[in-house]
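Step one of this worksheet: look at the structure below.
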Amino acid sequence: MGEWVIEPATVESLPDILQIEEACVSSPWTRKMLEAELSGNRFARFLLAKRMTPGGAGLSSIIGYLCFWVIFEEVRLMNLVVIESMRHKGIAKALVSQALEAGAGQAGMRALLEVRASNHAAQGLYHSLGFRDVTTRPAYYTNPLEDAVLMELDPIVSESARMTEALGHDGGRITPL
Ligand SMILES: CC(C)(COP(=O)(O)OP(=O)(O)OC[C@H]1O[C@@H](n2cnc3c(N)ncnc32)[C@H](O)[C@@H]1OP(=O)(O)O)[C@@H](O)C(=O)NCCC(=O)NCCS
């Protein structure tokens, strides 16, 4: 087994998600907002990245999470965080890839997200997964006030299909599981 695993969140994951939000995000989701997403929004899904404690007999700690909505044919990436000490290991890429696969499995055709204009790390991540910039949404964010870049992946393609395409073969949509 690797250093970390990805699995769906439960309501019990809320305190850990809140802690990550507060530590890593300039305008974090509150407990109420997370509660509403975790238990009150039928479109919302959460994936957690967990680090397995060495020799810890199944004990683990949460090192990242992704909240996304699957609204009919649209997959909307809402919130993505990986704790600082675990960045650059492909964890965010794995979280987003699994969300895209899950979305495609529920008839998702395209994926959308907004990201702060200054967030080049996140934009690099999404570009590496095939997303393109659609438009800028002026003054979309507060605290601090900033434009958003709207990014889109249409159609949703798997990582292997993108690599095949890059090698000059046919690409393809993710086949629903
Ligand atoms: C953005 C964030 C989620 C990336 O997490 P991560 O686990 O380090 O990302 P990955 O290791 O999966 O990186 C995948 C790809 O994204 C790109 N990327 C990641 N971090 C990058 C950086 N600092 N600068 C440029 N590109 C970056 C690269 O293309 C990278 O592929 P590579 O490692 O093969 O070069 C993380 O930095 C974070 O939590 N930031 C704070 C919260 C945030 O900004 N969330 C996004 C809101 S839209």
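The values are calculated or read from the model by the stated rules, or taken from the named source; none is laboratory data. The structure presented is a predicted model; accordingly, all values stated were derived computationally and were not measured. No Cβ is skipped: glycine too gets one built from the backbone with ideal geometry, and neighbour counts run over all protein chains shown.
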Checklist line | Count of residues meeting criterion [within 21 Å of residue 12 (Cβ to Cβ) and touching a helix residue (DSSP H, G or I) at 6+ places or on another chain (Cβ under 8 Å)] in the range 60-100 | finding: 14
Notebook entry, point to check: Any idea which residue in the range 148-169 is farthest from the chain's Cα centre (by Cα), counting only those that are away from the ligand (no atom under 12 Å from the Cβ) and crowded, with 17+ Cβ neighbours inside 10 Å?
Noted result: 161
Checklist line | Residues of the range 110-136 that turn out to be of a type in the set (A, V, I, L, M), assigned to a loop (DSSP other than H, G, I, E, B) and either on the phi > 0 side of the Ramachandran plot or more than 14 Å from the ligand (Cβ to nearest atom) (or both), as a count | finding: 0
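Looking at residue 100, is it under 22 Å from residue 5 (Cα atoms) and of a type in the set (A, V, I, L, M, F, W, C)?
yes
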Item checked: Qualifying residue in the range 131-145 (condition: modelled with pLDDT of 95 or more, within 22 Å of residue 43 (Cβ to Cβ) and of a type in the set (S, T, N, Q)) -> no
Margin query: Just checking, does the range 78-89 include any residue being closer than 21 Å to residue 16 by Cβ, within 13 Å of the ligand (Cβ to nearest atom) and polar (S, T, N, Q)?
Written below: yes
Margin query: Residue under question is residue 45, and the condition is that it be under 20 Å from residue 97 (Cβ atoms), of a type in the set (Lys, Arg) and either at pLDDT 95 or above or over 17 Å from the mean Cα position of the chain (by Cα) (or both); does it hold?
Written below: yes
Margin query: If a residue must be more than 8 Å from the ligand (Cβ to nearest atom) and under 18 Å from residue 28 (Cβ atoms), how many such residues does the range 60-77 contain?
Written below: 6
Margin query: Being near the ligand (Cβ under 10 Å from one of its atoms), hydroxyl-bearing (Ser, Thr, Tyr), surrounded by 16 or more Cβ atoms within 10 Å (Cβ to Cβ) and free of Cβ contacts under 8 Å to residues at least 60 places away in the same chain: is that true of residue 140 here?
Written below: no
Item checked: Residue satisfying condition, being more than 18 Å from the chain's Cα centre (by Cα) and among the acidic types (Asp, Glu), within set 3, 21, 7, 74 -> 3
